[in-house]
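Peer 1: Before we start, here is the structure in question, set down as C-alpha cells.
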Amino acid sequence: MKRSMLIKAVGVMCAAFVAVAALAGCTSQESAATKQQSENRQYMTQVNQTMEDLQSRLDGFTDAVSRGDLVGMRTQADNAYKVLDELGKLNVPDDLKDIQQEYVDGTNKLKDALNAYIELYTEIDSATEAQPFDYSTYDQRIADIKSQYDEGIGKLQSGDNKASEKN
C-alpha cells in the first residue's frame, strides 16, 4: 500500500512538473510576443513623432515659398531633410522592415521634390535680362515636382496602410 501511494505521489509530482513546464513555455512564448508588440509600438510611435516633425518643417517650407524666400526654402528643406534622415535611422523590428522600406522610399521622393522645387525657384530668381527664365517649361516642371511629391506621400501612406494591416 505504501508503494502504490509512493507511485501515485510521484505520478502527481510528474504531472505537476509537466504542467509547470508547459506554463513556463507558454509564458516565454507570451513574453516574446509581448516584447515584439512592444518593439512594434515603440517603432510606430517614433514614426508618428517623426511625421509630426516633418509636417512642421514642410509647413515652414510652404511659408517660405509663399514669401518667395529662397534662403528660407533652403533652410526649411534642410530641416525637413534632417527629419527625413531620422526616419531612415530608426531601429526597425524585423517584422516591420517592409514598412520601413516604404517610409524610406517615400522620404527619398520627398527630398527629390523639395530639391527640384528649390532648383526651379533658384533658376527663376537668378534669371537676368540676358538669360531670362524659360517660362514655357514652368507648368510642366511644377507638374513633375508635384508628381514626385505625391509619389513620396503615397509611399508614406502605403507604409501607414501596411502598419495598420499588421495590427
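Peer 1: Taking the stretch 71-104, which residues are within 20 Å of THR122 (Cβ to Cβ) and either loosely packed, with under 13 Cβ neighbours inside 10 Å or free of Cβ contacts under 8 Å to residues at least 40 places away in the same chain (or both)?
Peer 2: Taking the stretch 71-104 as the starting set, the residues that turn out to be within 20 Å of THR122 (Cβ to Cβ) are 71-81.
Answer for the stretch 71-104, where residues must be within 20 Å of THR122 (Cβ to Cβ) and either loosely packed, with under 13 Cβ neighbours inside 10 Å or free of Cβ contacts under 8 Å to residues at least 40 places away in the same chain (or both): VAL71, GLY72, THR75, GLN76, ASP78, ASN79, ALA80, TYR81.
Peer 1: What number of residues within the stretch 49-70 satisfy the criterion of being open to solvent by less than 80 Å² (accessible area, probe 1.4 Å) and more than 30 Å from GLU123 (Cβ to Cβ)?
Peer 2: 2
Peer 1: Might you let me know whether the stretch 122-143 holds any residue that is surrounded by fewer than 19 Cβ atoms within 10 Å (Cβ to Cβ), in contact with an Asp or Glu (Cβ under 7 Å, 6 or more places away or on another chain) and over 16 Å from TYR43 (Cα atoms)?
Peer 2: Here is the first cut: in the stretch 122-143, the residues surrounded by fewer than 19 Cβ atoms within 10 Å (Cβ to Cβ) are 122-143.
Remaining after also requiring in contact with an Asp or Glu (Cβ under 7 Å, 6 or more places away or on another chain): 133.
Now narrow it down to the ones that are over 16 Å from TYR43 (Cα atoms): 133.
The answer is yes; a qualifying residue exists.
Peer 1: Restricting attention to the stretch 127-166, which residues are without any contact (Cβ under 8 Å) to a residue 40 or more places away in the chain and either outside any helix (DSSP H, G or I) or of a type in the set (A, V, I, L, M, F, W, C) (or both)?
Peer 2: Within the stretch 127-166, ALA127, THR128, GLU129, ALA130, GLN131, PRO132, PHE133, ASP134, ILE142, ALA143, ILE145 qualify.
Peer 1: Tell me, please, whether a residue that is modelled with pLDDT of 90 or more and not in a helix (DSSP H, G or I) can be found in the stretch 95-113.
Peer 2: No, every residue in the stretch 95-113 fails to be modelled with pLDDT of 90 or more and not in a helix (DSSP H, G or I).
The values are calculated or read from the model by the stated rules, or taken from the named source; none is laboratory data. Here the structure is a predicted model, which means the values were calculated and not measured. FYI the Cβ positions are ideal-geometry reconstructions off the backbone, even for glycines, and counts take in every protein chain you see. We work out accessible area using only protein heavy atoms, side chains counted, and drop any ligands, DNA or RNA first. Shrake-Rupley method; radii C 1.70, N 1.55, O 1.52, S 1.80 Å.
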